[in-house]
Structures are given as structure tokens and as C-alpha cells.
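K.L.:
Submitted below is the structure of interest, expressed as C-alpha cells.
The values are calculated or read from the model by the stated rules, or taken from the named source; none is laboratory data. Bear in mind that the values here come from a model prediction, so they are computed numbers and not experimental data. As a convention, Cβ positions derive from the backbone with ideal geometry for all residues, glycine included, and neighbour counts pool all protein chains shown. Protein only, heavy atoms only, side chains kept; ligands, DNA and RNA dropped before computing areas. Shrake-Rupley method; radii C 1.70, N 1.55, O 1.52, S 1.80 Å.
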Amino acid sequence: MSNYIPVKELRVGIDFGDSALPVGRLAHREGRVYFEYDASFLNAGLNISPVRLPVEPGLKSFDPQVFEGLPGVFDDSLPDGWGRLLFDRVLRSKGVLAGEVSPLDRLAHVGQTGIGALVYEPDYSGEPKGDVLNLDTLAAQTIEVLSGEAEDVLEELLALNGSSAGARPKAVIGVDKARETIRYAEEALPEGYEHWLVKFGNTTDGPDAGAVEYVYSLMAKEAGIEMMPTHLFPGQSGAGYFATQRFDRDEARRFHTHTACGLLHSDFRTPSLDYEDLLTLTEAVTRDAREVKKMFQLAVFNVLAHNRDDHSKNFTFLMDSTGEWRLSPAYDLTFSSGPRGEQSTMVMGEGKNPNVDDLTRLGQAANINRTDIDSVIDQTRHALQKWPDLAKEFGVRSKTIKLVSQTIKDGTP
């Protein structure tokens, strides 16, 4: 990138693990982004974005004030928070200002290595080189970057980020099935390794943030919520590093991912969604009552467990190579505050203090059986009662245990 040349056109493909199928072309002209499906994709029987980007011929353009003019499905490929900070720091180290690059430049950096199955050409991405990784070293490097130092490791950390979203520093990694060895995450991992993602603390996190999220993952599973395997890797300081297996990879297979944020063109930075919207979206995309119930379970857990950072990027849908959609396993479940202390996603219009009655009305509005509604709420309450013992077992600080216990007491926020 030292000889920076803006990307004017970008070819989009979708790769489910064997070879990429052409999807279309993106172009950047006079401050606007345009997209057109490839003629061959029009008859492929796949719909990568069923709400806002129907599969039909013709040039499409979107509001440049939302996602910088990108269709939401392609904006989902871009990192935000930590990943964007790294990319902008790398640009600056090359003498390029962040304001000079377009969304297409950023997608070209994602290239073949992004989250999900979409791929982009030209591909300016770079896979990290090496074998075994040390999480303590990576954690120290992320803190140095956040404090404005460590210019020499920016590009390596950027490659490790793998276009993952969210504000907290992350790295995509390969983990052996015994969860003893951690390595750089090439697309084609050696036999016996799986694709995982590990989180590190930022400057505002406590030393037990990883342990809190790990305990929340255990309680969520106990509540009947589908999650990928999770693990708490030990660290030299603090209670450890939270990690989860990636749901967009299954050995060589890749799954197309699309967030509620991207599907609805609803900017997660301006909370405006209600869980009623998400249940309706789930039914429209998956056409499966079982997936609607999964979204309801997430609503119940987030409200009763005081996970108030439940914005629209924290709900993802997966599409396989046959075009079938389903709700992804849950992620980013932890004790958190939302905007002004409210739930980021409202429950039947209530954001400040949604309660069990609101959740019950939500389930009824989605035509979920009352017996199932009560069962989900009771199972979640039972799971949350395990917080004090699990938190103590995995090294959560006493004051954190007390704070969370007081907040989720009796399963009522």
C-alpha cells in the first residue's frame, strides 16, 4: 500500500469452500457506490441479501449516508471498531489519510479472507505468517496499539483480525481439537485444527472481562441457546482470554453471513430496532418457526442477563451453498450496558426496563405457544442462578460477581 492507488472497481464472488462463484461488480464513481449482479448469478438460485438487494438485473445505488453507500451485505464484510482502527493506523503509517480511501479500498483489503463466504478482487489482504501464537504477547501488543504505540506490529495484527467486527480487539486463530496449541489461522488449516476467534481486553475492560463472557456462554448454553464451543484460555495476568469457534467455517466449508444490521440497513450505532422486528425478520428470512423461537430465546436471555449491548450487528443469519437460511449460533453475550443504560434492542417498545411481561407479549406477538414462552423464561432464570458459583470457579473478581448478582437477581432486570 506504499504506492496507494484507489480501487475503482471490485469483483464480488461467493466461495462456499470449493471455488468462487461470480456474484457481481462494485464500482465507485464521484463519491457513490454502484453494484450490478453478474448475469450468471441471476440464475444461480441464491439470494445473498433478500431484504434490500433482490437478485435482478440493473445497476443499484444506495444512500451514501448509510454504510458509505455500500449495500448492507457488503458492509457486513468490513471490520469496525478494532479492525477499522488497525487499518486506519496502517494507512497513516504509509502516508495515506483514512478519509482518502473508499469502502471499495477497504473491501479489497478483506479480499479472500473475510468473515463469511463473500470474496473480493483485487485482493490486497495478507494472511499472517508463522506457526504457534502466544496470546499474552498478542494481548500486550493490542494494548500498545490502543495507547498509540507498536507501529511495527500493525500489519500483523490487522491480518490476524480477519475482518471481524466489534470494538474489542480480536484475532482469528487456529486451535487444535485438544485446545492446547494456538496457531496463525490460514484459510486451509493443518489437519486437526479448527477456526476460532479470541478476544482481548481494551483499555476500559476489567481483568476478568474474558471470564465474565465465558461464564455467560456457559449460562446461555444451559438456557438452551445454541452457541459454538467456547473456551477460556489462561493468561499470565487476569482471568484469561475468551475464545469461541467460528460459525462461518466448518473445516474447508464456508457459510455466507449477513447481520440484521446489514439486512435491514439499520445502523447499529443508532439503536432503533425492537425484538419484534427481529422476530419478524427471522420468520421472513428463514421461514422456520424453530428459528423464530431461537431469536425469542436470545431476547429473553439478553434482557434477563442484562446484556444491553444487543445491537443489530450482534444478530447474524447464515446461508449455505443451497441457499437455505438459518439464525447463526449466538455470540457476544456478556454483562453489559447499552445506550444511556437502556437495552439497545427494545422489547415491545420498552427499552429502559423491559421485563417478563414485555417478553411474554413479545412471544405471543410472534405466535409462540404460551407454554413454550413460559418454558424459555423459566429455563433462562434457572441458568442465571448459576452465575455466582460459575463466576467464582473461573476467576471473576468478587466485586464483579456481586454487581452482576444484584443486577440479575431473581431473573428480573
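K.L.:
Modelling each spin label as a point 7 Å along the Cα-to-Cβ direction, I'd like the residue 97/residue 348 distance in nm, to one decimal.
P.N.:
Computed distance between label sites residue 97 and residue 348 equals 5.2 nm.
K.L.:
Quick one: accessible area per residue over the chain, 1.4 Å probe, rounded to a whole number of Å²? It would help to have the intermediate numbers written out before the result.
P.N.:
Values: 18000 Å² over 413 residues.
Per residue, the chain has 44 Å² of solvent-accessible surface.
K.L.:
Each residue of the range 179-191 in turn: what ³J(HN,Hα) in whole Hz from Karplus with 6.51, -1.76, 1.60 and θ = phi - 60°, glycine and Pro shown as x?
P.N.:
Values, residue by residue: 6, 10, 10, 10, 9, 4, 9, 5, 4, 9, 7, x, 4 Hz.
K.L.:
Taking a ≥ b ≥ c as the square roots of the Cα gyration tensor eigenvalues, with a/c under 1.5 meaning rounded and otherwise prolate when a/b beats b/c, else oblate, which class fits the range 273-413? Provide the component values of the computation, followed by the final result.
P.N.:
Working: a/c = 1.78, a/b = 1.56, b/c = 1.14.
Because a/c hits 1.5 or more and a/b exceeds b/c, the range 273-413 counts as prolate.
K.L.:
Continuing with this model, one more query. Between the range 162-207 and the range 37-112, what is the C-alpha centre distance in whole Å?
P.N.:
Taking the Cα centre of the range 37-112 as reference, the centre of the range 162-207 is 24 Å away.
K.L.:
Which residue, 59, 263, 279, tops the fluctuation ranking in a GNM of the chain built on C-alpha contacts under 10 Å?
P.N.:
Comparing 59, 263, 279 in the GNM, the peak value goes to 59.
K.L.:
I've got another one for you. Between residue 338 and residues 5 or more places away or on another chain, which pairs have amide H atoms under 5 Å apart, with H built 1.01 Å from N, and which residues are they?
P.N.:
Close amide H contacts, sequence-distant or interchain: 308.
K.L.:
Starting from the Cα-Cα distance between residue 324 and residue 5, subtract it from 0.36 nm times their residue separation and give me the gain in nm to one decimal.
P.N.:
Working: separation 319, 0.36 × 319 = 114.84 nm, distance 3.84 nm.
That pair, residue 324 and residue 5, stretches by 111.0 nm at full extension.
K.L.:
May I pose another question? How big is the C-alpha Rg of the range 75-172 next to the rule-of-thumb value 2.2 N^0.38 Å, as a ratio? Display every interim value, and only then the final one.
P.N.:
Details: Rg = 12.8 Å, N = 98, 2.2 N^0.38 = 12.6 Å.
For the range 75-172, the normalised Cα radius of gyration is 1.02.
K.L.:
Work out how far the C-alpha atoms of the chain reach from end to end along every principal axis, then list the three figures in whole Å, largest first.
P.N.:
On the principal axes, the chain reaches 58, 49, 42 Å in Cα extent.
K.L.:
Summarise the accessible area of the range 258-322 (1.4 Å probe, protein heavy atoms) by the percent that is carbon and sulfur. Mind dumping the intermediate values first?
P.N.:
Working: 960 of 2150 Å².
Whole-percent figure for carbon plus sulfur exposure: 45.
K.L.:
Sticking with this structure for a sec: In the Gaussian network model of the chain, springs joining C-alpha atoms below 10 Å, which of 400, 142, 371 carries the largest mean-square fluctuation?
P.N.:
Of the options given, 371 has the highest mean-square fluctuation.
K.L.:
Now for a different question. Taking residue 60 as the anchor, which lysines have their alpha carbon closer than 17 Å to its alpha carbon, excluding any fewer than eight residues away along the same chain?
P.N.:
8
K.L.:
Give me the Å³ per residue figure for the convex hull around the C-alpha atoms of the range 6-130. Before the final figure, lay out the partial values.
P.N.:
On the way: hull volume 14.9 nm³, N = 125.
About 119 Å³ per residue, rounded to a whole number.
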